[in-house]
Structure formats: structure tokens, C-alpha cells
Amino acid sequence: MGKPDSFLELKNVSQVYTVGERQFTAIEDFSLTLKEGEFCALLGPSGCGKSTLLRIITGLQAPTGGKVLYRSRPLTGVNPHAAMVFQTFALFPWLTVQENVELALEARGLPARVRNDRALEILDRVGLDGFETAYPRELSGGMRQKVGFARAIAVEPELLCLDEPFSSLDILSAETLRRELLELWTGGRLPTRAILMVTHSIEEAVFMADRIVVMDKDPGRLMTDFKVGLAHPRDRKDRGFEAVVDNVYSLLAGQTEPDHVELGAEPAAPGPTRRLPNVHISDLSGLLEHLESARDHQDDIYALAEDLKMNSDHLLNLIQAAELLGFATVWKGDIRLTPLGETFAATGIIGRKEIFAVRLKRLSFFKWLASILRASEKSRQRWDVIEAALGLEFHPAEARQQLERIVEWGRYAELLSYDDKSRVIYLEPATESPP
Amino acid sequence: MQQTNREFGPLAMLRPVSWGDGVVLLGIGVLLYAGVRLAMGAPEWIKGPEIHLTPEVLPYYLARSLGRMLAAYALSILFSLIYGSLAARHRTAEKILLPLLDVMQSVPILSFLPVVLLGLSAVLPRGLALELSAIVLIFTSQAWNLTFAWYQSLTTIPADLKEASSIFRFSPRMRFRKLELPFAAISLIWNSMMSWAGGWFFLMASEIFMTGNQDFRLPGLGSYLQAAANAGDLQALAWGLAALVGTIVLLDQIVWCPLLVWSRRFKLGTAEEDIPPASWFYKALRSSYLLTDLRGRLSGPFTRFSDLRKPRRKAGRIMTFRRFFERGGRFIFYGIGLAGLSAILYETYQAAQLLSGVPWSDWGRIGFGVLATSLRVLVSLIIALAWTVPLGVAIGTNRRLAAWLQPVIQITASIPATALFPIILLFVLKLPGGLEMAAVLLMLLGSQWYLLFNVIAGASAIPQDLKHTATLLQLSRRLRWRTLILPSLFPYIITGAITAGGGAWNASIVAEYVRFGGETFFTVGVGSLIAQATAAGDYPLLLASTLAMILAVTVANRLVWRRFYRTAEEKYRMD
């Protein structure tokens, strides 16, 4: 046994993917120490590598750099003292509820009688007695995840890892399950020393965890790490609670930067390229319309998430897009429409397209694409050529996504066209001459 | 039984051309050459055993035939599990094993029959050689799709289930029993059914191969039918067919249907099927008290016993191969590969020498034969399309029609075309252009079902909302076919046609050259050339024409079908 405070330790962990000759950093120099008795939430926008980090911590995946120490010993292979609850439940559909739980025990070599007793006892504890012989497909999402929890608890793990365990459940069952887990945890009825939960819901993290580690993306790294000093059971309406959530929101939303930073460099040029957030224009329009109807055309971002019943990840993406296009500014956790944004929200389809086109032309990414197209014969270029060019800057999957995004935006603005049959992107005639 | 999309849907079966294909084709050529070399030592005169035509011998013949099928199937399963696992787990192995599987899947297996038969009968006692070559031939018709199914299952196991097995530390054996096997179960059962159907086809052909002075006959159902047709004994023919159909239906009812119903528990999704498969036999088994009791008694001690053994079992033993491979073993592995490659190259040289003995006129005949056979394949495909598309669409879109027609078709389709061939000959051979007609008919019989099943699957997969839209828009019948039905069927038709084409090529070897009622009939074609070369003992010609056929099929698949397939994948996919 090591020192009590070094239960789990990550030392300068990094994860780099090599594609051809290019390298992409998913996680950069990440250090973290987890103590016994902690319930820690790992929070961050999608694509920040938090799920990868969880796989590194459990030993499912080895990091390309750095070390994972478990009780002061370096981790090799899967951590035998860890268990995991999956977002997708990961139950074996051909086994009954009880068989699913017993399977984990069978793998540890326990005799049949012990397995049977332990499984029944745990199913009873999570409130699944009566469903032992049911198959997962007969259960609701919430009940399935209970089986997932039961299976993980059954092996009495010292470290319980939760990978977005509530995000594929409906709101009500998610809430019930959260409360039940907290009850077991705070009541000391779990055999577990520490819980590590990956989530992208800010509210969920504040509701459940004692400590929140916030990650940033591109590349994934530690942004902040703070304690939540609220007593259990927590009340979402409580002012202290709201203050913490608001705080995290403003942390993640950042604030609008001056233009040259906001717009970033062109893909091939030096300096960081601004990624286009993964949003659809109809969603963006919806957000702007909502803000336009708000008092003073501004709103608190956390209140906005409540109003729109939207997950925080998606909302933050939308806000980023609004900022990038100059439709809104963010300041200390509040979002406010710019005059341009107000006009956009108030005008009709044609007017919106015009405004959008003007703003799109300012983006470095679009400028880069337009200059390539202009330099090509007949102002057209094959999709794969451009995707390959983007591959110098982005990971291949990301390159494709970014290109899909800019083409969708460009088509909406009527600046670009794309022919799916010949897979060719071309400039609309009006765009052909440089501005 | 129902066809669901998973079984008959467009499979990703055509990969892009790679260097591996070249190696594989070369390897097959060399293998053939080795067979031909062996065959040169085959006795000139072979006489098969007397086939009796009294119905009393049928049970015995049936048992012999079933035994061959079972042996080949067991071999296929064993092969599939090993080969598929290797391909799925080792990157290096995958690069060779997959192209090999791909070519083997599309090669007309029947073209190997003469080489395998003659080759084996040169080195083994005759009875054993015949049995073995029949089993090998059936095996080659059963193994590939099973292997592919297993490989595909292994590589498509959901990541979360794999991670769960890792994090809960399953031993390799547990992983196999609780994850891999259940996940693959449905696909393995469907593919086993297809393999058995294919197996019957080849069983019939391998029991009744006769050329020139060589009369290869094995006592079995196939030879019984052949002999009955030869003698014009209609009563015996009826008995034989009844036995065959009865066996196939019985197997379907007491083996495959129950298995299918049982395997529904392994479905991954939560959605229920429209018409769940049903089996009276499975129901009877389930409700049998005797059986439940027996199972309890049998499995009780067994689980206790296996519990006792468990703690002592270690994962280490099973890991040894991998560890061996990762250490120095890799070099040994490459060494063997290198030795194999040089052997292939040497044999290629030898084969080329043998081929150089083929006169130019023969090459001309081969070219002409390939052309003629291609034409026949095309004609049979067109005929098949002409009737399967309307009928398939009718069945696929009309549930009431499907309910009573589907079982009938299942049974009809399960009668191997090769079993019907002697009967066709009996009636058609006397007509003008008889053999030509019989040949196309056999090709049709051997290929049309693949198309029909795919069309049915495609038609039943047309989304309901699109059908409603077409109705609301009041599209005319023609427009409806052009804009909705044909485009949605396209990927399925292509998949079906690729398999059907393979079936037709296969059939050409038994269809273009026949000995019937003491006379020999043949027509122009590469299948006929293979048979003629075998009859005349012209080994260079045998090698050349077999290679030509394999090459023709592979080239057609790669150049023609692949292009259609890509279009189907990209443009006409529903998702």
C-alpha cells in the first residue's frame, strides 16, 4: 500500500495518433492525482479526449507518453481493481440480468454458489429484484443502466469509472439513477474507494461530484481543477449551486476575443486554425431568434441551457459559431446579440443568406478554400483534393468533418456548390471574382 | 424462415484489387498444377460400383450421402473458426488471408473437381480417393461463406462489449463462449443453411462424375438419380427425388428452423421482427418435460465440474502463440512465407512449361469456349432476372402472398440443380438444340434462387414512407418502377447477380459435356473443354482451361461487377 493520498496518479500523460507522416495530439501533458474517497467529474467539450483518458486510466489503452500510477505502482494492462459503467450499457443481450452480473464474477473465478448469492444481493441493492431472469432488451434504458451499475459494483472495484453513464437515458430515469447512485455512495454502501465520472453535462458534474476537472480541447489538456464545496443532497435551485454552474459555463464559453484571434489563421498558414464548430445553420438561427426575443437581447448562458433544454456541449458549440460569425459576443457567462445578429434574427430567408454570406467570406478557412477554387480550372476542385489538403492540418476524420461543415455553410450562403455525383466543389459564379 | 436484411442484404464482399490478389491467383494456379501433376499418374480405366435402383437401397445411399455432407460441414466449421480468427487477429495474416478468401469465394469450384478427383485417385486407394474428393469438394463449397461470416462477426463486435470483456477480465475461453460465439451465432446459422444448400449441389455432382473411360461413382443419392435417369427408370427417379426432397425438408424442419428460432436470443438490436420465425419442433422440444428434466440432470454436474476446474485454468497457455509470434516467432513465420513463395515461383515455372505444350489451336478453342460460356451465363442471368424481379417484388411487398409462397419457394430452391439435371436430360436431350437448352436450363436452376431471395429481401426493405409517398403522388406504374422500385432493388440485384453468376459458371462444367444413356454429348464452351480434357487425359489442356475459367470469373468480378457494386453502394443505399 502506498501513501494514502496517491491512490491514482497520472503523470504527464499524452496521447498522440500518427496518421501517415502527420501526428495529432489528442491529449497533451495531462497530470492528475486522485485521492481515496473522492468523487471526481471529468468535464469538457466533446472531442477533448476525456473518454480516451478514462480508457488510459483503466488500462484499456496505453498512453503514448507519461505514466499511470495506481497505488504508486505503474499500471500495465487492464487495472484489476477498476470497473466501468458504459454510456451504451455494454450488456450482453443474450444473457439475462443475473447472468450479466454473474459473468463479471465468473471471470474472477468465483464458484457458482458464491456468484449466485452475490449477484442476487447486489441486484436487490440496486432495486432490480424480480428482474433477475429478464433479458436486457425487455428493460427500459434506466433499468438497463442499473444492471450496468450492478455488474460494476459486483466485482467490488476500488475505482469505479463512469463513462457518461446517464447521457443515453431519458431525463427522468437519468435523474432517478443519479440520486440512487449518490445515495449508495454518500451512504457508504459502495465497496468503492473513488469514483471517476466522465460527462459533458456541467449541471450533472456539479450535482454529483466533489471535485471537477475541466478539460480543454485541441489538444485535450487540463484547464482547471476545483472542489465543489456543496453538501449532499444538493438542490439545483440553490443559489450556491447555480453560482458554481454559472461559473463553469463562463469558464467553458470563454469570452469573445478580438477579430484576428477569433478568426484564426488559414489552414495552410502558420498559427492555429480556427475549427468550425459542428452545428447546423437552422439550429444557429433558432438560437439567435431565441436571444432576440429575450430581454435586452442577452441572456445568461446557464439560463439559456435550462430554457432550451439543450445539452451544454451542443449549446457551447452554437455559441462558438455565433461568436465566430460575429452574431453574438460572450462576456462573463452572458451572451449578447450584436446588432448584426439582431438584424439576422429579424430578417427573412433571403436577407439571412446575404448576411451569412458576407460574414462567411471573412473566415480564414473560407478565404483559403475560395482561393484554392479560384486558382483551379473553371473554379472547381475535387472533394478529395481539398480533403487531402486539409489533412495536413487536421486528423483525417476531422478534415472530412470540417470540409463537410464549410461546404454546408457555403451552400447555405449560396457561395459554394457541390455536385455529389462527380464529387466536385465549385464556386458560384457570383463568388468567382475576388472581393 | 424469413430472409432478413442481415443475411441477404448487400454485403461488403468486393474489395479493391490489391497485390494480394496476384499472389493468390498465382497460388491457385500452382495448386492446380500440383493436382494435374498428380493426376497424370491416375489409372486410365476406372469403373464405378454398380448402383442399384430398388427403393430398398435408398436409406443406405441416403446415409452415405448425409455422412459426406456432415464430414464436410464439420471440416468447414473447424476451418472457418481457425482461419477467420487468424485473419481477424493478426494484421499480417489478414493481408494474405482475406484476398485468398475473396478469390476462393468467387472461383467456380466445380472446375477443380476433375483435378481433385484424378489427383487423389492417383495417390490413394480408389474408394478412399473418391470419398475424400467428394468431401473436399463439398468442403470447398461450404467453407468460404462460413469463414467470411465468422471473420466479419469477429471484426464487428461492438467496441463497448469488447471493452466490457477486457475490463471484467474475461479469459480467452470465456470471451469465445460468451461474446464471440453468441455474437456470431445468427450469421453462422444462416450461413450454415446456405452452405448446406450449396453442399447438396456439389454432393450430387461429385457422386456422378463420368468422363471417357473414367467412371467415378460413389454409392449415394446423386449416383442413384443419375443411374435412374440413365436407365429411363421413371419410378426409381420419383423414389430418389422423394427421398432427397424429404431429407431436405426434414432437415429444415428439425434442424434449421429450431436453430433459427433459438438463435433469436442472440439478436443485438431491440426491434422485433415483423414475422418472427416459428418452429413447431422447437416448441415441442421446449415443452417437453422429459427434456427439461434431462437437461437439468446433465448440466448440473457439468457446471459443478467446470467450476472445479476454473481457478486452475490460466490464460497464459492460450496466449503462448501470440507471445511466440511477437518474439522470434515472427521471423520463423516470415521464413516459412519466404520458402512458400519460392516454392510457388518454382512451381509456376514448371506450370508454365506444361502450359507451353498447349498448341495455339487449343488456346483458340479456350478463348472461344470462354466466350460461349460467358454468353450462356449471361442468357441464364437475363432469364433469371426476367422472372425473379416481378415475382420477388410481389412477394416482398405483399405479406399475404409471402406467407404461403415463401415456404414453397424455400423447398423448391433447396432441391439441388445437379440432382434435377439427369431428369432434364431425359426429356430435353431429344429435342433439337437439346443440349444447348439443357445447359442453359441447368445454369438457370443453379443460379436463379440467389437472385430471387435477394430481390425479395430488397423489396421488403423499401421504406414504407417512400411507398406511401409514391402512392400519394399517384405515380404511374412505370414511373413507380423507375423511380422507386428498381433503384431500391439495385444493390440487392447486384449482390444476387454476383452470386448467381458464380453458380452459373459452376454449372457449366457439368452442363456442357454429358454422358447419357451410353452416348456422349457436348457443346462449345470452356466447361465442356475441361470435361473433354479430363476424358482424353490431355493434362496441359485441363490445366489451361481450368485456369482460363478461373481467370475469366475473377476478371469479370473485379472489372464489371465491382463497378456496379460501387454505384450501388454509393448511390442507391438506403440509410
Condition test on B:Leu128, is it within 14 Å of chain A (Cβ to nearest Cβ) and either under 26 Å from B:Leu66 (Cα atoms) or of a type in the set (A, V, I, L, M) (or both)?
-> no
Is there a residue in the stretch B:430-441 that is under 19 Å from B:Leu375 (Cα atoms), part of a helix (DSSP H, G or I) and out of contact with any helix residue (DSSP H, G or I) (no Cβ under 6 Å at 6 or more places or on another chain)?
-> yes
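Answer yes or no as to whether A:Ala152 is touching a strand residue (DSSP E or B) at 6+ places or on another chain (Cβ under 8 Å), on the phi < 0 side of the Ramachandran plot and assigned by TED's automatic domain parsing to the domain that holds A:Phe166. Please lay out each step first, then the result.
Working: touching a strand residue (DSSP E or B) at 6+ places or on another chain (Cβ under 8 Å): yes; on the phi < 0 side of the Ramachandran plot: yes; assigned by TED's automatic domain parsing to the domain that holds A:Phe166: yes.
Judged against the criteria, A:Ala152 is a match.
Here is a check on your reading of the model: is A:Arg113 on the phi < 0 side of the Ramachandran plot and at pLDDT 90 or above? Let's see the steps before the verdict.
Details: on the phi < 0 side of the Ramachandran plot: yes; at pLDDT 90 or above: yes.
Answer is yes for this residue.
For the stretch A:171-265, which helices (runs of 4 or more DSSP H) that fit wholly inside it have 1 or more residues that are among the aromatic types (Phe, Trp, Tyr)?
Values: elements: A:171-186, A:202-208, A:239-253, A:259-263.
Counting at least 1 such residues, we get A:171-186, A:202-208, A:239-253.
Scan the stretch A:339-347 and give yes if some residue there is crowded, with 18+ Cβ neighbours inside 10 Å and out of contact with any strand residue (DSSP E or B) (no Cβ under 9 Å at 6 or more places or on another chain), otherwise no. Full working, then the answer.
Filtering the stretch A:339-347 for residues crowded, with 18+ Cβ neighbours inside 10 Å gives A:341, A:344-345.
Remaining after also requiring out of contact with any strand residue (DSSP E or B) (no Cβ under 9 Å at 6 or more places or on another chain): none.
There is no residue in the stretch A:339-347 that is crowded, with 18+ Cβ neighbours inside 10 Å and out of contact with any strand residue (DSSP E or B) (no Cβ under 9 Å at 6 or more places or on another chain).
Yes or no: B:Ser133 within 14 Å of chain A (Cβ to nearest Cβ) and among the polar types (S, T, N, Q)? Spell out how you get there, then give the answer.
On the way: within 14 Å of chain A (Cβ to nearest Cβ): no; among the polar types (S, T, N, Q): yes.
No.
Counting only residues that are touching a Phe, Trp or Tyr at 6+ places or on another chain (Cβ under 8 Å), give me the strands (runs of 3 or more DSSP E) lying completely in the stretch A:330-435 with at least 2 of them. It would help to see each step written out before you state the result.
On the way: elements: A:334-337, A:380-382, A:416-419, A:424-427.
So the answer is A:380-382, A:416-419, A:424-427.
With a cut-off of at least 2 residues that are modelled with pLDDT under 85 and in contact with a helix residue (DSSP H, G or I) (Cβ under 9 Å, 6 or more places away or on another chain), name the helices (runs of 4 or more DSSP H) lying wholly within the stretch B:74-171. Working first, answer last.
Working: elements: B:91-106, B:113-123, B:126-156, B:159-167.
Hits in the stretch B:74-171: B:91-106, B:113-123, B:126-156.
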Selection status of B:Ala238, under 30 Å from B:Leu425 (Cα atoms) and at pLDDT below 85 = no
Residue in the stretch A:226-241 that is of a type in the set (A, V, I, L, M, F, W, C), free of Cβ contacts under 8 Å to residues at least 12 places away in the same chain and in the same structural domain as A:Glu36 (by TED's automatic domain parsing) present = yes
The condition from (1) buried (at least 20 other Cβ atoms within 10 Å of the Cβ); (2) more than 18 Å from the chain's Cα centre (by Cα) that B:Ser65 misses is numbered (2)
Inspect the stretch B:143-157 for any residue being surrounded by fewer than 24 Cβ atoms within 10 Å (Cβ to Cβ) and within 14 Å of another protein chain (Cβ to nearest Cβ) and give the result as yes or no.
-> yes
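Can you pull out every residue in the stretch B:159-184 that is closer than 15 Å to A:Gly148 by Cβ, within 7 Å of chain A (Cβ to nearest Cβ) and touching a residue at least 12 places away in the same chain (Cβ under 8 Å)?
If the condition is that a residue be closer than 15 Å to A:Gly148 by Cβ, within 7 Å of chain A (Cβ to nearest Cβ) and touching a residue at least 12 places away in the same chain (Cβ under 8 Å), then B:Leu161 is the only one that fits.
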In the stretch A:166-184, is there at least one residue being within 19 Å of A:Arg55 (Cβ to Cβ), within 14 Å of chain B (Cβ to nearest Cβ) and either touching a residue at least 40 places away in the same chain (Cβ under 8 Å) or buried (at least 16 other Cβ atoms within 10 Å of the Cβ) (or both)?
-> yes
Would you be able to tell me the number of residues in the stretch A:185-207 that are without any contact (Cβ under 8 Å) to a residue 60 or more places away in the chain, polar (S, T, N, Q) and within 19 Å of A:Glu242 (Cβ to Cβ)?
-> 0
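Scan the stretch B:220-234 for residues that are among the polar types (S, T, N, Q) and at pLDDT 80 or above and report the count. First the steps, then the outcome.
First, pick out the residues of the stretch B:220-234 that are among the polar types (S, T, N, Q): B:223, B:226, B:230.
Narrowing the set further to residues that are at pLDDT 80 or above leaves B:223, B:226.
Selection size over the stretch B:220-234: 2.
The values are calculated or read from the model by the stated rules, or taken from the named source; none is laboratory data. Just so it is clear, the model here is predicted, and its values are computed rather than measured. Using ideal geometry, Cβ is built from the backbone for each residue, glycine included, and neighbour counts are taken over all protein chains shown.
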